[in-house]
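Notes to accompany the following structure.
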Amino acid sequence: MFGRLTNFGGSLFDEFRRLDEELNEASGRWPWPAGIRSVARGTYPQINVGSTPEQVDVYLFAAGLDPATIDISIQKNLLTVAGERKSPVEKEVDYYRKERFDGAFRRVITLPDDVDPERVEARYRDGVLQIHVQRREAAQPRQIKVQ
Amino acid sequence: MSEANAENKDVVTRENSEVQKQQESEIVLRAPVDIYENAEGITLLADMPGVNKDSLSLQVDKDSLIVEGEARIDMPEGMEALYADVRSTRYQRSFALSGELETDRIEASLKDGVLRVHIPKRAEARPRKIEIHTG
């Protein structure tokens, strides 16, 4: 959770980091360091990023979103997704649980350096927003023939 | 004799694959839910992004409601994860029900990954205003 943000050698923060890393290691669940623009895990929407040599795909698990409210922008390799998920409290009912997110969100995702900001496509289906970013051809592995 | 052996082998294989299946499905996603009640019944909303009508299962009996679903995500061959908040594709959550709910009249719908389940209350279980007579 503290990840690389606390990488300046203070002993208190070192202790936090050590504890955090140990917990993560013990649970075996969190192999990545926290990005400086990342948010706490479990925050709506949850995000997965996958890559192949040709493309990078970002999946936002954003159920119940109105596609018209989604705002996606990309600047170099920084992808920003903003939107609003409305899940208003019903009137004249008694709530037992209210776990679902209600409100506006904004996530910034750092993509690999070689993505092409001109070639981005997005699609929303079954509550998953999939953003497909093509990588530059120069970055893709090339077969070199021996003459 | 050989037939009996073949049968035994079948049993063993099935057991193994069941064990394997259990191990693979150890991580389940817990869909966040809203649950509220009014005079007519109880409503449950659950966020299950990636789940569609065909990969959703609702099991209801007298005592419990089990919600299960499989997120179906299109992914190209050989994709590597750079980052993953979501570490499984299987949702499962269950709730104990009580006797005044009419489980045979449950209604459910799914839209954009949000499941809505409505469980009506039996007429005799709906709240009655009790009048107080004076004098």
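Since every read-out is calculated from the coordinates, none of them should be taken as a lab result. Just so you know, these numbers come straight off a predicted model, no measurement behind them. Positions of Cβ are backbone-derived with ideal geometry, glycine not excepted, and every protein chain shown enters the neighbour counts.
Please rank B:Asp112, A:Asp114, fewest neighbouring Cβ atoms within 10 Å first, as an exposure proxy.
A:Asp114, B:Asp112
Using a 10 Å cut-off on Cβ to Cβ distances, tally the other chain neighbours for every residue of B:64-71 and report the average as a whole number.
Partner Cβ neighbours, averaged per residue: 1.
Under 5 Å between amide H atoms, partner at least 5 residues away or on a different chain: which partners does B:Tyr83 have, H built in plane at 1.01 Å?
A:Val49
Check A:Tyr96: other-chain or 5+ apart residues with amide H under 5 Å from its amide H, H built from backbone geometry?
B:Ile35, B:Tyr36, B:Glu37
Determine ³J(HN,Hα), in whole Hz, for all residues of the stretch A:108-119 in sequence, where each value follows from phi through the Karplus function 6.51 cos²θ - 1.76 cosθ + 1.60 and θ = phi - 60°; x replaces Gly and Pro.
Once θ is set to phi - 60°, the couplings for the stretch A:108-119 become 10, 10, 8, 9, x, 5, 8, 6, 9, x, 7, 10 Hz.
Using a cut-off of 11 Å between beta-carbons, work out the net charge of the residues near A:Gln134 (Lys and Arg +1, Asp and Glu -1, A:Gln134 not included).
Once all neighbours under 11 Å are counted, the net charge is -4.
For the stretch B:108-118, in order, what is each residue's ³J(HN,Hα) by Karplus, 6.51 cos²θ - 1.76 cosθ + 1.60 with θ = phi - 60°, in whole Hz (x at glycine and Pro)?
For the stretch B:108-118, the Karplus-derived couplings read 9, 9, 9, 9, 6, x, 10, 8, 10, 10, 10 Hz, x marking Gly and Pro.
What pairs in A:Lys76/A:Lys145; A:Lys98/B:Lys111; A:Lys86/B:Lys62 have C-alpha atoms more than 25 Å from each other?
Distance filter (> 25 Å) returns A:Lys76/A:Lys145; A:Lys86/B:Lys62.
Rounded to the nearest 5, what % of DSSP beta bridges with both residues in the stretch B:27-125 are antiparallel?
95
Taking H as built 1.01 Å from N, whose amide H comes closer than 5 Å to the amide H of A:Arg125, not counting residues under 5 places away?
Those lying under 5 Å, H to H, from A:Arg125 are A:Gln130.
Take the Cα gyration tensor of the stretch B:27-125, multiply each eigenvalue by 5, square-root it, and list the three semi-axes largest first, rounded to whole angstrom.
31, 12, 11
Any idea how far the Cα center of the stretch A:72-138 sits from the one of the stretch B:109-130, in Å?
First find each Cα centre; the distance between them is then 31 Å.
Going by how many other Cβ atoms sit within 10 Å of their own, how do A:Leu79, B:Leu58 line up, fewest first?
B:Leu58, A:Leu79
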